[in-house]
Structures are given as structure tokens and as C-alpha cells.
Amino acid sequence: MLHDWVVMPTCLPLVLRRCRTCASERFRANGKFRVNAHHKLIDVWLLVLCTGCGETAKITVLERTNVRSVRPELLDRLHANDPGLAAELLQDPVLRRRNRVALDWAGAWRLDTGGADHLDREVIDVSVRFAAPIPVRPVRLIAEGCGLARAEVERLLAEGGLVSAARLSGRLSDDFTFTLKR
């Protein structure tokens, strides 16, 4: 029987970027946008707050863009400070690269295993689905979902008791399946 696990975001991730005021490198996004119009051109920034000193920094979303080229639904979401839009934009690799920022997902996600009825079985087949592209170590997910120590999961992986078509070392943010034999 195939069990479905889901990795779900619980809040917006921290933004990794150096603060100009203090030595902190972490910023908290609260979903607020700054929209500034210059006649027919528009600038949009996502505002983030330094976790150390509270200084506000801006992540550029749109820069000197013609207002008519922006979809009206997007403008409405920007003016409404939609936190869902902030989450979508933070996951955009082009936006992160252009602004030279990275994301810290520590403490911003949870694993939903659908219950603990599979823990006592000898062989477990699991499909892991990501609700958002959250980079997580599969060994950590399997250890947390099965109630095992990470060292035990790594031992099972080395001995062939843990099998997957995906590479389980490193980080993954794409859906994968695995079979665990105890």
C-alpha cells in the first residue's frame, strides 16, 4: 500500500541577505508591497524586515514597467498586500537571482504523513509530494516521518534497506517515492 506524505509550508521563509545597518543576514517577509507609479511606469518592491534591527529592505519585483503591461489581477493583489503573492514571488528563482537573495526554510515547513499507522509495517512504500519547492534533505524527511534517527536511515540507505529512484543524498525539492524495508 502506497502512503502519501506532503511537505507543506507553514509560513514564509526567511530571506538571506546582508543588512546594511547591523551584522544580521536574515530578513522576515511579512507580505507587504510598496507600489510606486511614475506616470505610465510602475515600480514594485516586496518589503522585508531585518530580524536583528528591524531595518526595512526592498526586494525588487517590477522596475520601470509600463503599467498597461501589468495584469489588473496582479495589481489588485499587490495593492492588497497579498501574502500568497509574496510566497509565490519568493519562490521565483529569477527574482531571487536578480535581487541576490536566498531563502532559509528552517522552521517554515512541516511534514504531513497522514497518521502513524504505517510505522509498525515491515515494508513501507511512500510517495512524497512537495506543496512548494522547499529544499529538504530526504534522509531527514524519512527519519522524521518514520520515527527513526537520521543515522539509522543512513545505515538503511547504505545497506540497501532504503530504495528510491531519486538520489537521497543532498537536498530535494521535487516529488519522489521510496521503499523502506526493516
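Taking 22 Å as R0, compute the FRET efficiency from the Cβ-Cβ separation of Glu144 and Arg182 and round it to 0.05. For Glu144 and Arg182, the calculated efficiency is 0.85.
With coordinates expressed along the principal axes, the C-alpha atoms belonging to the chain extend over 67, 38, 25 Å, beginning with the largest. Ordering Met1, Met8 by accessible surface, largest first, gives Met1, Met8; the 1.4 Å probe counts only protein heavy atoms, with every chain in place. Available extension along the chain between Lys58 and Val163 is 33.4 nm, counting 0.36 nm per residue and deducting the alpha carbon span. Phi angles of region 8-13 translate, via the Karplus equation with coefficients 6.51, -1.76, 1.60 and θ = phi - 60°, into HN-Hα couplings of 10, x, 9, 7, 6, x Hz per residue; Gly and Pro are given as x. Which of the lysines could a cross-linker span from Lys40 if the Cα-Cα distance has to be under 22 Å and same-chain partners fewer than 8 positions apart are dropped? Reachable lysines: Lys58. Taking amide hydrogens as placed 1.01 Å from N in the peptide plane, the amide H of Leu172 sits under 5 Å from those of Val136, Arg137, each at least 5 positions away in sequence or on another chain. Rg and Dmax of region 98-182, both derived from C-alpha coordinates alone, stand at 13.7, 48 Å.
Based on Cα contacts under 8 Å between residues 6+ apart, the chain shows a relative contact order of 25 percent. Each residue of region 36-45 was assigned a 3J(HN,Hα) from its phi angle through the Karplus curve 6.51 cos²θ - 1.76 cosθ + 1.60 (θ = phi - 60°); the sequence is 10, 9, 10, 6, 9, 10, 9, 10, 9, 10 Hz, with glycine and proline shown as x. Calculated [222 nm] ellipticity per residue, helices only, for the chain: -6500 deg cm²/dmol; basis is -39500 (n - 2.57) per DSSP H run with n ≥ 4, divided by all residues, nearest 500. Between Asn30 and Ser173, the contour length at 0.36 nm per residue exceeds the alpha carbon distance by 49.1 nm. Partners of Lys32 within straight-line reach, counting aspartates and glutamates whose Cα lies under 16 Å from its Cα and excluding those fewer than 8 residues away in the same chain: Asp43, Glu55, Asp76, Asp82, Glu88.
The values are calculated or read from the model by the stated rules, or taken from the named source; none is laboratory data. Quick caveat: nothing in here was measured; it's all calculated off a predicted structure. Positions of Cβ are generated from backbone atoms using ideal geometry, with glycine treated the same way; all protein chains shown enter the neighbour counts. These area figures cover heavy atoms from the full protein model, side chains too; ligands, DNA and RNA do not enter into them. Shrake-Rupley method; radii C 1.70, N 1.55, O 1.52, S 1.80 Å.
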